[in-house]
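**Student:** Take a look at the following structure, please.
The values are calculated or read from the model by the stated rules, or taken from the named source; none is laboratory data. As the structure is a prediction and not an experimental result, all values here were calculated from the model. Here the Cβ positions follow ideal geometry from the backbone for every residue, glycine too, while neighbour counts run over all protein chains shown. All accessible areas refer to the heavy atoms of the entire protein, side chains included, with ligands and DNA or RNA removed. Shrake-Rupley method; radii C 1.70, N 1.55, O 1.52, S 1.80 Å.
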Amino acid sequence: MKLENLLKLTMLGTLLGSFMLPASLPVKADPVDPNGLNNIPETGWSSWQRWDKMNASDLRFGLSKNDTTALMSLENLCFGEIETPSTEKKKAENYWYRINSQLINTSTGEIQIGCWENGRFRNIVTITARRMSRTSEVPPTPKTTATPQTQQVSQTDTTSRTSEVQTSEVARADERCRRVQAPVKEGLAIRSQPTANSAWIGGVANGDTVTITTNPATIVTVDGRNWVAIQSPVSGWVTNGKVGDKGNLILCKP
């Protein structure tokens with residue numbers, strides 16, 4: 001074979017090989033699954049799981065105000081709204097989560113929650129979580145400040161009246177205390193007005209407490225949903241569920 005023909009065949013083989021090489025490489029991206037076609041989890045983490053599996057898990061999260069704020073921010077970034085009737089459906093379609101190896105092997109660790117759209121995560125948050133099946137711990141309750149005791153200088157009527165006023169104020173505060181027990185694991189959003197479209201001004205995790213403004217509570221019903229006015233941790237409104245539901249708030253003391 002002539003040298004010229006040999007060179008042509010060599011160049012042709014190289015050219016064909018350059019076209020065939022990409023087709024033989026594994027495809028790492030999958031527009032509908034963040035795990036990719038290889039389904040190989042990142043070191044130290046489980047595979048990504050669809051959000052609809054979260055309800056069947058024993059994970060409890062939103063354990064701090066910072067984590068609750070992060071979850072609300074993720075929801076607002078992904079969907080432009082927080083705790084509306086449509087967001088739960090959108091979470092089932094777009095949310096994915098994974099847990100780290102520490103949480104796999106022990107009762108406490110971290111989880112990551114992300115909003116997956118068009119083959120990429122729009123955002124991911126990392127928060128603390130607890131496996132309730134692996135711990136006998138009771139969910140933490142906020143510490144209460146001891147009621148200051150009036151030093152008894154004498155058994156006068158003034159001292160007695162002061163003590164009665166203090167006791168009455170503490171009793172009224174206890175009557176207005178409510179603990180959050182929402183069906184969604186993220187807790188509740190605090191809004192500026194009693195509507196799902198009003199400004200989000202904070203959040204409160206399941207197990208934490210709020211103080212309602214009045215007792216009985218000030219309740220406003222909008223679009224079939226009850227809203228309760230609160231004065232702490234910040235002044236605003238939280239949803240107490242749809243009319244007829246058991247509600248998201250319970251008495252702090254039975």
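**Student:** If you roll a 1.4 Å probe over region 191-254 with all protein chains in place, what percent of the accessible area is carbon or sulfur? Intermediate values should be presented prior to the final figure.
**Tutor:** Working: 1720 of 3270 Å².
Looking at region 191-254 in its full context, I get 52 percent from C and S.
**Student:** Can you give the accessible area per residue of region 29-81, in Å², using a 1.4 Å probe? Before the final figure, lay out each step's value.
**Tutor:** On the way: 2790 Å² over 53 residues.
Value for region 29-81: 53 Å² per residue.
**Student:** Take peptides 98-111, 181-194, 38-51 and line them up by average Cβ neighbours within 10 Å, highest first, as a rough protection proxy. Numbers along the way, then the final one.
**Tutor:** Working: 98-111: 16.0, 181-194: 19.9, 38-51: 13.4.
Sorting 98-111, 181-194, 38-51 by mean packing, highest first, produces 181-194, 98-111, 38-51.
**Student:** While we're here: Set the bar at 19 Å for Cα to Cα. Now go through K65/K242; K89/K242; K89/K246; K53/K246 and name every pair that lies beyond it.
**Tutor:** On the way: K65/K242 25 Å; K89/K242 17 Å; K89/K246 21 Å; K53/K246 24 Å.
Distance filter (> 19 Å) returns K65/K242; K89/K246; K53/K246.
**Student:** Moving on to the next point. Taking 0.36 nm per residue of sequence separation and subtracting the Cα-Cα distance, how much length would be gained by fully extending the chain between N55 and Q193, in nm to one decimal? Present the calculation step by step, with values, prior to reporting the outcome.
**Tutor:** On the way: separation 138, 0.36 × 138 = 49.68 nm, distance 2.91 nm.
Difference between extended and current length: 46.8 nm.
**Student:** Need the full-extension length gain, R120 to K89, defined as separation in residues times 0.36 nm minus the C-alpha distance. One decimal, nm. Please report the intermediate quantities before stating the final value.
**Tutor:** Numbers: separation 31, 0.36 × 31 = 11.16 nm, distance 1.93 nm.
Result for the pair: 9.2 nm of gain on full extension.
**Student:** Below 11 angstrom from the Cβ of L251, what's the summed charge of the other residues (Lys, Arg +1; Asp, Glu -1)?
**Tutor:** Numbers: positive: R176, R178, R179, K253; negative: D174, E175.
Its environment carries a net charge of +2.
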